[in-house]
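One structure is given below, encoded as structure tokens.
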């Protein structure tokens, strides 16, 4: 089927739809950096290209021609529990009506939309009721389901997916369905938080300070993650290079002889991170390579020093963030030629999860 990609971002909807065999006829994206990534990834030659959707005239929309599906992850800041939740009072919230305007002109068989889970209960459900009423007045019967990206990729990301069926078009119901989990088997994994890198002296333990274990799933990627990139604890010892990693670059097992001390072995107290807690000293996690802190007479009940063994904390890379959204490496590499790491982090957080889109698109 032919589809139109509104609020296109870097093309998460498009990639999933194309993988399911559908054809894109045009796209709309206001952010110039996202457009650069989109056009680097996708072949947009001879396609309709739009930027600010509010400036697109009805006459131009009519000129797009026949469309079977309108896709759109319309801006969710107005509905997100992380935002001000002002709904249609927020200018971004009203952008849903741009989708309605396009649908009223083009009359596609399907509307395929995505938003944050908080849309469902915003203003006690009044906002979502307004959306449903608008789609009903346009002649679309609506179904929806909340899906979590963790069933496909190692990311906890709950989003509501909305399908509008044009009355009389003979379309079949899409939801509910169970994921086939065709990407990564993460169903039995949970969010594994191993600690925090909360600054010393701070009493707040926010999401930006969380350190995730490498054997679990990460939290929801956000567009603001470029400011405080998510951290993961990973093993630092390569098993097949035990004999080559000396001079403190690997950790000794209990009972194993220590390396020969050298003049370079001048380690201080090395703090690896922090655990939740109100007391700075008790919450610190020390690296094994450094000195232990001063021992006190109160070493029980969580007062004892904590060390991290076999792991180091690092930030997720932009490539890893794109992988967590289901993008193939070749797509990231193309986007990386035209955008900075900062923009690539933002774009990953703003995107939809490609594998979830594909799963739904196969049923259209």
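Quick notes on this structure:
- Residue count for region 309-364, restricted to those that are surrounded by 23 or more Cβ atoms within 10 Å (Cβ to Cβ) and in a loop (DSSP other than H, G, I, E, B): 6
- Qualifying residue in region 198-206 (condition: at pLDDT 85 or above and out of contact with any strand residue (DSSP E or B) (no Cβ under 8 Å at 6 or more places or on another chain)): no
- Residue match in region 77-100 (condition: at pLDDT 90 or above, within 28 Å of residue 18 (Cα to Cα) and in contact with a strand residue (DSSP E or B) (Cβ under 6 Å, 6 or more places away or on another chain)): yes
- In a residue-by-residue description of region 66-75, the property of being assigned by TED's automatic domain parsing to the domain that holds residue 144, within 23 Å of residue 346 (Cα to Cα), part of a strand (DSSP E or B) and over 21 Å from the mean Cα position of the chain (by Cα) applies to no position.
The values are calculated or read from the model by the stated rules, or taken from the named source; none is laboratory data. Note that the coordinates shown come from a computational prediction; the quantities given were computed from them, not determined experimentally. Cβ coordinates were reconstructed from backbone atoms using ideal geometry, including for glycine residues, and neighbour counts include every protein chain displayed.
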